[in-house]
Amino acid sequence: MAMPSFNVFIEGDENLQFSKAYFTQLTLFDAAMLFDTYPTILPLNSIGYFEFSKMSAEDSVALSPDHSVPHKTDLLKITNTWETEYRHGFVRNWELEIRLFMNVNENAECVRLSCELRDTLVANSILPDAMLACLDTQSIKNLICGFKDEGLFPLWQLRYLVQQDYYVPDSVFNGVAELEYFTAFATTPGLEYPIHLFLSTHFLENVRRLYRGKSAQIPSNVEALRRRLEMTTIDSISISDCNNNHFDAYHWDTNSEWLAHGDSLGNEADPDILLPMLWAFATVDLERYEIFEDVYEDEMVPLQPLGSADCGIIALNWMHRKRGGSDSIWTFADGLSRRHRLLRNFLIYHHVARLCEISGKLCITCSYKKAWNYINSSNLRLDHMIEKAENLVT
C-alpha cells in the first residue's frame, strides 16, 4: 500500500483537539475554559536525543489536555529532517502528533491572551451581558470587523489594550487611530469628507525606505495622499511612527510652517525626518497650504513613568488633542480606564459592523461615511451605539 503524501501526513486528522482547524475555530469562551488545562510546554533542550524508525501502521493518539509537549525549538530539530526521512520510509509511530505539538506551541500566546481578555471583560463589566455572550461565540482568530487592511487584526490581540504594562502592537495601534479618524468625521456635522487625517505607522516606514532608495515608483498610499491634498481641503495631518516598539507622532496644521513632534519618553524627533516628509508632500499646493520647514518639540506631551508601556496610548491622545479633540491630557492615574474605554469602543464598533455585515446592510468596502450614516444616525455617539446595535438584530 502506497504511503500518503508528506503534506497529507503532517496535517494528520483535522478533527483532533489542537489541530490547526481546532485553533482556527476556537471561540473566546472555549479559549478561556481551555487555558487552565492547556498542555504544558517543556523547557528548551528537553529533547536530548531522537531517531527515526520504520513507519508504523498505528494511528496517531490524540493529544490530551494534560499532556506535556516539547519546546518548538526542539521540535524544529525533528521537523527540519523528517520530510527526507519520511520519503525513505522512516518515521516514528507518534510522528503525526508532532504537528499537534507545534500547534500547541504556536497558539499558546493567543489562548493565554484570550483568557486574560475575557477575564478583564467580565471582571470590569466592560460589555453588556448580551454583547459578551455574542462575543463568546466568535473565534479568537476572527478579524475585527469594519476596518480596511491596515486596521485588521484578530480578536485576541485586543488583550494588549487591557493593562498598562502591555505594549500595544502597531496593528492594534493603527486600528485605534483609524477608529478615532472616522469617529471624529462622523460626529462632526456638515462634513462631506474628513478634514483631519491620520496616517498609520506604515506610511512613514514606506516613505523612509523609498526616499533612501531614491525609488522612482511612488507608493500608492503616497499618491493617494497627494491626490487628497489636491482635491480637498485638509486642516491637519497626524502621522504616527514606531521604532523598536516605541510610538511617537508628528502633527502638521496645514496653515503652519512647523511640524510638531510628540514623544512620551522625551526623545527628540528623527533628525532626518524632514526630507522624506517633504518628498511625500512634494505636490502640495502652496497657495492652499503652508508647507512645514522645520520640526519643533511639543512640550504638552505627558511623559510615561518607568515600567509603563503606554507610549502608544499617549501618542494617540496627543494626536487627538492636536487636531482639536476634546479628550483630556493623558495621566498615569487614568491610563487604565482609558485603555478599557478604547477596548469597549473597539468591541462595540466590531459588534455593530459584524451585525451589519451579516445582515447585508454594510459591506466592508463601503465608505466610512455610509457606515456611520447607517450606524450613527442622528449623530449618535459611540458610547450610545449598544442600543443601536441591538436594534439591528431585529
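The values are calculated or read from the model by the stated rules, or taken from the named source; none is laboratory data. The model shown is predicted, which means the values in this text are computed figures rather than measured ones. In this analysis, Cβ positions are derived from the backbone assuming ideal geometry, glycine residues included, and neighbour counts consider all displayed protein chains. Just the protein is used for accessible areas: all its heavy atoms, side chains included, with ligands, DNA and RNA removed. Shrake-Rupley method; radii C 1.70, N 1.55, O 1.52, S 1.80 Å.
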*May I ask you to list the residues in the stretch 241-254 that are out of contact with any Asp or Glu (no Cβ under 8 Å at 6 or more places or on another chain) and either of a type in the set (Gly, Ala, Ser) or at positive phi (or both)?*
ASN244, ASN245
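Could you grab me the full set of residues in the stretch 202-258 that are part of a helix (DSSP H, G or I) and either among the aromatic types (Phe, Trp, Tyr) or open to solvent by 50 Å² or more (accessible area, probe 1.4 Å) (or both)?
Across the stretch 202-258, the qualifying residues are HIS202, PHE203, GLU205, ARG209, TYR211, ARG212, SER220, GLU223, ARG227, ARG228, GLU230, MET231.
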*For ARG341, work out the one condition from (1) assigned to a helix (DSSP H, G or I); (2) more than 21 Å from SER200 (Cβ to Cβ); (3) open to solvent by less than 50 Å² (accessible area, probe 1.4 Å) it doesn't fulfil.*
(3)
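Go through the residues of the stretch 314-322 one by one and say whether even a single one is closer than 19 Å to SER264 by Cα and over 25 Å from the mean Cα position of the chain (by Cα).
No, that holds for no residue.
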*If you check PHE292 against the conditions, is it hydrophobic (A, V, I, L, M, F, W, C) and buried (at least 20 other Cβ atoms within 10 Å of the Cβ)?*
yes
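Out of everything in the stretch 301-313 that is of a type in the set (A, V, I, L, M, F, W, C) and not in a loop (DSSP other than H, G, I, E, B), what residue ends up being nearest to the chain's Cα centre (by Cα)? Quick ask: steps written out before the conclusion?
Within the stretch 301-313, the subset of a type in the set (A, V, I, L, M, F, W, C) is 301, 303, 306, 309, 311, 313.
Right, trim to not in a loop (DSSP other than H, G, I, E, B) and you get 311, 313.
Values: CYS311: 16, ILE313: 14 Å.
Taking the candidates together, the pick is ILE313.
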*Candidate set: the stretch 143-199, residues that are under 8 Å from the mean Cα position of the chain (by Cα) and among the small types (Gly, Ala, Ser); chosen: the one surrounded by the fewest Cβ atoms within 10 Å (Cβ to Cβ)*: SER171
